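Each value in this text was obtained by applying a stated rule to the coordinates, not by laboratory testing. What you see is a predicted model, and the numbers here were worked out from it, not measured in a lab. Using ideal geometry, Cβ is built from the backbone for each residue, glycine included, and neighbour counts are taken over all protein chains shown.
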Ligand SMILES: Cc1ncc(COP(=O)(O)O)c(C=O)c1O
């Protein structure tokens, strides 16, 4: 219990579910069978593609599967290298291993915390075939610079917009910048289907290959159970698609709410010396999926200590992602050793940064309470 507020713990994240979502899911479970089995998938995918301004969208069980299918559809395999930012969730990189390729860890930009175009360029070798820029915490990287490096070096782009539905760069929607764009609809995300994901693309060849690969290597619409390759089973249920459609029809409201939550934190923490909040570049619209605070090293407190102390006072925080090159599955790779020596920003930010409670149902008073707790923790840290 937060004694000052007389309410339960303040959770780190969570969705906004209304009667609309309940009605759509109810309708799906009642009617989306037999000849109507795909009606919600079709509506959700069409509405999602229209929202993003792209040609094709394929609903999937997760964003991880969307990255996996992107790599497969681009024909990546052993011998190939894929550049990925060092500071991201492992799901951005794990599918690189699934296809037998090698992840190469580039540094992040010190302001946006997203892939640095300069570092990406430094990572390119004769074997680089793709890059996975990540729209971290609902923000956007310098997409023009990244696309420029990618084009000059003939490197495919898979935009990992898992955390950034609704974000924009120069008026164009997150997820629409690459050969493919991928989204997560996990329960913590701004738009949720419980678990789920989406792959979008303007390339018909990729779209057709993805439809084939995600259904055990058979042609879409096949009724003869005739497989021509061993592939995968990556599908979303109609109940999830119905939930996603209802959420998508509320997307402006959900993104506005995220931005409002950030504005409350900004009022409380924006002028505090020694901390930095999410940065939004002038030509970017961030969705602030996770409000994040980076604390000066001089305050002598680590993210683990902040999380522990906040938790004791009923405020749930999350660590900024550990650099992938520091994690056990990757740290023995020669690419990881190189990354640890070169990815100065990732290694400077990650130890001192936490995500603050950012669930869509958080109240202004809870943001003020969580901010007060953080300020108190920081004030006592150097004594
Ligand atoms: C940056 C990033 N990429 C990929 C994923 C994977 O998404 P999913 O859990 O839907 O597979 C996540 C999930 O949180 C993520 O944050």
Subject >> Checking residue 72 against (1) farther than 21 Å from residue 154 by Cα; (2) surrounded by fewer than 22 Cβ atoms within 10 Å (Cβ to Cβ); (3) more than 15 Å from the ligand (Cβ to nearest atom), the condition it does not meet >> reply: (1)
Subject >> Condition broken by residue 245, with the remaining ones in (1) surrounded by fewer than 24 Cβ atoms within 10 Å (Cβ to Cβ); (2) within 21 Å of the chain's Cα centre (by Cα); (3) farther than 21 Å from residue 91 by Cβ satisfied >> reply: (1)
**OP:** Give the residues of the range 195-224 that are surrounded by fewer than 15 Cβ atoms within 10 Å (Cβ to Cβ) and within 25 Å of residue 28 (Cβ to Cβ), sorted by residue number.
**Re:** 220, 221, 222, 223
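Suppose the filter is touching a residue at least 60 places away in the same chain (Cβ under 8 Å), over 29 Å from residue 129 (Cα atoms), within 16 Å of the ligand (Cβ to nearest atom) and buried (at least 23 other Cβ atoms within 10 Å of the Cβ); does residue 48 pass it? Write out each step before concluding.
Working: touching a residue at least 60 places away in the same chain (Cβ under 8 Å): yes; over 29 Å from residue 129 (Cα atoms): no; within 16 Å of the ligand (Cβ to nearest atom): yes; buried (at least 23 other Cβ atoms within 10 Å of the Cβ): yes.
The answer is no for residue 48.
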**OP:** State which residue pairs qualify: first residue without any contact (Cβ under 8 Å) to a residue 60 or more places away in the chain and closer than 21 Å to residue 95 by Cα and inside the range 144-170, second residue within 16 Å of the ligand (Cβ to nearest atom) and not in a loop (DSSP other than H, G, I, E, B) in any location, beta carbons under 6 Å apart, and separation of 6 or more residues or different chains.
**Re:** 150/131; 150/157; 157/131; 159/181; 161/181; 161/183
Original post:
For the range 51-69, how many residues are more than 14 Å from the ligand (Cβ to nearest atom) and under 24 Å from residue 349 (Cβ atoms)?
Top reply: 0
Subject >> Filter pass, residue 54 being buried (at least 23 other Cβ atoms within 10 Å of the Cβ), touching a residue at least 12 places away in the same chain (Cβ under 8 Å) and touching a strand residue (DSSP E or B) at 6+ places or on another chain (Cβ under 6 Å) >> reply: no
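Would a scan of the range 128-136 turn up a residue that is assigned to a helix (DSSP H, G or I) and either within 15 Å of the ligand (Cβ to nearest atom) or surrounded by 22 or more Cβ atoms within 10 Å (Cβ to Cβ) (or both)? Break it down stepwise before answering.
To start, the set of residues in the range 128-136 that are assigned to a helix (DSSP H, G or I) comprises 136.
Applying the additional criterion that residues be either within 15 Å of the ligand (Cβ to nearest atom) or surrounded by 22 or more Cβ atoms within 10 Å (Cβ to Cβ) (or both) yields 136.
Yes; the residues of the range 128-136 include at least one that is assigned to a helix (DSSP H, G or I) and either within 15 Å of the ligand (Cβ to nearest atom) or surrounded by 22 or more Cβ atoms within 10 Å (Cβ to Cβ) (or both).
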**OP:** Filter the range 86-102 down to residues that are more than 11 Å from the ligand (Cβ to nearest atom) and assigned to a helix (DSSP H, G or I) and give me whichever is nearest to residue 174 (Cα to Cα).
**Re:** 96
**OP:** Answer with yes or no whether residue 145 is outside any loop (DSSP other than H, G, I, E, B) and surrounded by 24 or more Cβ atoms within 10 Å (Cβ to Cβ).
**Re:** no
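Got a number for residues in the range 76-102 being at positive phi and free of Cβ contacts under 8 Å to residues at least 40 places away in the same chain?
So the answer is 1.
Scan the range 178-191 residue by residue and report those that are buried (at least 24 other Cβ atoms within 10 Å of the Cβ) and more than 10 Å from the ligand (Cβ to nearest atom).
Answer for the range 178-191, where residues must be buried (at least 24 other Cβ atoms within 10 Å of the Cβ) and more than 10 Å from the ligand (Cβ to nearest atom): 178, 180, 181, 190, 191.
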Original post:
Can you find a residue in the range 103-122 that is in contact (Cβ under 8 Å) with a residue 24 or more places away in the chain, under 30 Å from residue 42 (Cβ atoms) and either away from the ligand (no atom under 15 Å from the Cβ) or buried (at least 24 other Cβ atoms within 10 Å of the Cβ) (or both)?
Top reply: no
Original post:
Here is a list of conditions, (1) touching a helix residue (DSSP H, G or I) at 6+ places or on another chain (Cβ under 6 Å); (2) assigned to a loop (DSSP other than H, G, I, E, B); (3) more than 16 Å from the ligand (Cβ to nearest atom), and residue 175 meets all of them except one; can you say which number that is?
Top reply: (3)
**OP:** Would you check if residue 67 is buried (at least 24 other Cβ atoms within 10 Å of the Cβ) and without any contact (Cβ under 8 Å) to a residue 60 or more places away in the chain?
**Re:** no
Original post:
What do you reckon, is residue 306 surrounded by 22 or more Cβ atoms within 10 Å (Cβ to Cβ) and within 24 Å of the chain's Cα centre (by Cα)?
Top reply: yes
Original post:
Restricting attention to the range 159-172, and to residues there that are out of contact with any helix residue (DSSP H, G or I) (no Cβ under 6 Å at 6 or more places or on another chain) and not in a loop (DSSP other than H, G, I, E, B), which single residue is nearest to the ligand (Cβ to nearest atom)?
Top reply: 159
Original post:
Name the residues in the range 309-325 that are surrounded by 18 or more Cβ atoms within 10 Å (Cβ to Cβ) and either part of a helix (DSSP H, G or I) or free of Cβ contacts under 8 Å to residues at least 12 places away in the same chain (or both), would you?
Top reply: 309, 310, 324, 325
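How many residues are part of a loop (DSSP other than H, G, I, E, B) and either closer than 19 Å to residue 174 by Cα or out of contact with any helix residue (DSSP H, G or I) (no Cβ under 9 Å at 6 or more places or on another chain) (or both) when one looks only at the range 184-239? Walk me through how you get there before you give the answer.
From the range 184-239, those part of a loop (DSSP other than H, G, I, E, B) are 185, 187-193, 195-196, 202-203, 214, 216-232, 234-237; that's our starting set.
Checking which are either closer than 19 Å to residue 174 by Cα or out of contact with any helix residue (DSSP H, G or I) (no Cβ under 9 Å at 6 or more places or on another chain) (or both) leaves us with 185, 187-193, 196, 202-203, 216-217, 221-227, 230.
Residues in the range 184-239 being part of a loop (DSSP other than H, G, I, E, B) and either closer than 19 Å to residue 174 by Cα or out of contact with any helix residue (DSSP H, G or I) (no Cβ under 9 Å at 6 or more places or on another chain) (or both): 21 in total.
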